[in-house]
1. Tally the residues that are part of a loop (DSSP other than H, G, I, E, B) and among the hydrophobic types (A, V, I, L, M, F, W, C), restricting the search to the stretch B:129-165.
2. Looking at B:339, B:278, which is the one that is modelled with pLDDT of 90 or more and open to solvent by 10 Å² or more (accessible area, probe 1.4 Å)?
3. Give, as residue ranges, the helices (runs of 4 or more DSSP H) completely inside the stretch A:1-96 that count at least 1 residues that are modelled with pLDDT of 80 or more and facing chain B (nearest Cβ under 10 Å).
4. Only one residue in B:272, B:287 is surrounded by fewer than 23 Cβ atoms within 10 Å (Cβ to Cβ) and touching a residue at least 24 places away in the same chain (Cβ under 8 Å). Which one?
5. Return the residue satisfying two criteria in turn: it lies in the stretch B:191-201 and is of a type in the set (A, V, I, L, M, F, W, C) and surrounded by 23 or more Cβ atoms within 10 Å (Cβ to Cβ), and of such residues it is farthest from the chain's Cα centre (by Cα).
6. Given the structure, is residue B:251 open to solvent by less than 30 Å² (accessible area, probe 1.4 Å), away from every other protein chain (no Cβ under 12 Å) and modelled with pLDDT of 90 or more?
7. Out of the residues in the stretch B:378-417 meeting the condition of being among the small types (Gly, Ala, Ser) and open to solvent by less than 10 Å² (accessible area, probe 1.4 Å), tell me which one is nearest to residue B:340 (Cα to Cα).
8. Out of contact with any helix residue (DSSP H, G or I) (no Cβ under 8 Å at 6 or more places or on another chain), at pLDDT below 90 and farther than 18 Å from residue A:42 by Cβ: is that true of residue A:102 in this structure?
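The values are calculated or read from the model by the stated rules, or taken from the named source; none is laboratory data. Just so you know, these numbers come straight off a predicted model, no measurement behind them. Heads up, the Cβs are rebuilt from the backbone with ideal geometry, glycines too, and the neighbour counts pull from every protein chain shown. The protein model used for the area step is the full one, side chains on, heavy atoms only, and it has no ligands, DNA or RNA in it. Shrake-Rupley method; radii C 1.70, N 1.55, O 1.52, S 1.80 Å.
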Amino acid sequence: MQGAFLDWGFGTLTNPTDPQSHFPSSDRVAYDRPAVRAFRWRAAWVLLVALAGSQAGHLLIYRLRFGAMAGPLQESGVHAYFPDLAQSAASLVGGALIAALGIIGVARLLNGGAAARRVRTVSLMDLLAVLFTLQFAVFLTQETLEAVAEGLGPDPAMLFWGMAGQLAVAAPAAAALSALLSRLEAAVTALLTRAPRAWSPHTPHVLIDLPTAPGGNLPPQLRPGRLGSRAPPTSRTTSAW
Amino acid sequence: MARYELPVPLDLYVYAAGLVVVTSFVVLALVLGDQLGSRPVPCPRWEAPLLTWLGRSPIPRAAGGAAGVLVLLTVISTGLLGSQDPLRNPSEYLTWIYFATGLVLLSAAVGNLWSLVNPWAAVYDVTLGRRGWKPRLVLPERLGRWPAVGLYLAFVAFELVFSAANRPSVVGALALAYSVLTVAGMALFGRDRWLHRGEAFTVLFDLVGRFGPVDAERDERGVQRVWLRPWGVGLLEPTPAGWDLVCFVAVMVGAVVFDSLIATPSWLSFRASIGLWAHPLGLHAQAAARLLGLLLVCGSGLLVFVAVASVMVRFGRRTVDRDETVTAFALTLVPLALAYMAAHNYGQIVVWSQALIPLLVDPFGRGWDVVPLTGYSPSHALAGAAMVWYTQVALVVLGAVAVLALAYLRAGERFQRARWALLSQYPLVALMAVYAMTGLWILAQPVTR
């Protein structure tokens, strides 16, 4: 127990070789490196979409609440930062989406036009819950800081407006992100599976694949038995460069 | 009731509540940090011979059932036939104060009283049960407790959304309709199957009773034994996993939070701002707005809890059944709902409950004066503004600390390493601190100045 309190639990985050990690492999979650890597990529996607989603929710809420006045209101005074932030968040998401679609496209191309088999790795409910919570927290923090900067109290109606607006954005965002992540992870897995066999300097790579049946119509000097009796290297294989 | 003039700014109370919750967690970690293991969390319990004797006797159940049927008949008859002034009709007090609040809190304090006073179970036992009635249909397993969740949501929506909750005739009619539905459900699907999966109040009191100190179980011979245990540990007993139970707890917590929020500037301002959108609904605009608010609060609470639970499972660093773990942690939120219910309804319980007394001698508003109680007025001795405020502060903080204690024990059982259990609790500590602070701010609005 004392050991746990030397670091209040944070040692497991920074020290993967924690002695307490030596437990049955069936119990292990965090020390599977590919799984940890995949989790970090998913977390990055979730944070990015949550940031952009919170700004989209901000736009929606102000539009519903203030109507035509929403635009000028969100571009002036303490809200003057908002258009740049919203644009930056949208650009980041857009760029990431283009990159993801590119990866999916390349994987499909290398697979002969067929999509890699998708496996849903993240629960839709979890995604929705995390996106909504992050978006709502960002929105409330924004509104509070803006109110403090103006020297006023926070708009009390924003609690309910925040719930409604952010939920309206988080739901489709979670559905879209779930679909994208399943396809993207399948594509990355497919690409990583193909890449080592294609490019390893140590794997013999067959350039010309000739029929090897003993009764085949090969000229005598190319039949396997003949080739096998000659000294290596054979003329039928070569190491990949 | 006059508002309480706070001696220090409200902000200090709010921040202090958050600090107390966090500090309490530190103490809990030091005290409970070595409660680990794969078996269910061991908790002390003591056999109660007197309660065991009572539990085996048919008298308490017969008396309780008779009392429950009498109250139900009073609600239905006075609601339909009595005065339509809600302040002069017993059905309003019996339903919203004594049943929906008083019986729930009393069951949390002493044990599941509903199992004794359930009027519909009593009616079934005396009529169909005695004839050996067999169920006609099978309630599909995949439905789980979702019928009970839907009915409970309908009940809280009726209470908080529709102004008809203040009309005794509507309360009486709905009590009658629900009685027919429940008895029909028991007849079609089986007594226990319908009660524990389709009857909203049985599921509610099952959860509340788990918090209570009384534990009744039957041994292998079917003989009942009754034990006493610390409050709350019943919520750590194994429970079949199910999102239906998680949603039920979310509705419990969300309903009582919304009930408090509708008295705050947050709600009033929101309702005014959606006036334009709700205007086409005419007379139903207010109900629609309230329904939207209730669903938003319950839904948001559910999503925030699921997000926190997902992070807790992640930090726990052990492969666990996710749905089972989320369900197990959801049960630890029951003390929060109970504490908040007690805090929000404190004035109703100690003051307005007394207003039923003169109505009992003239339940139908006919001017009966059998017992001279017409000059009776409720006493406010326990409802001074300061007492109300500090009771609310204590209840909110205690509720949050109770959640943290139960969740910590659950984490030790789930994640089985002291460090992982500790790490897994940080998100919940943050949530409980925010909840205590927000809850206190909400409760302060109508009570303090």
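1. The qualifying residues number 6.
2. Just a single option satisfies the conditions, and that option is B:339.
3. Those helices (runs of 4 or more DSSP H) span A:33-66.
4. B:287
5. The qualifying residue farthest from the chain's Cα centre (by Cα) is B:194.
6. yes
7. B:399
8. Here the answer is no, as residue A:102 does not meet what is asked.
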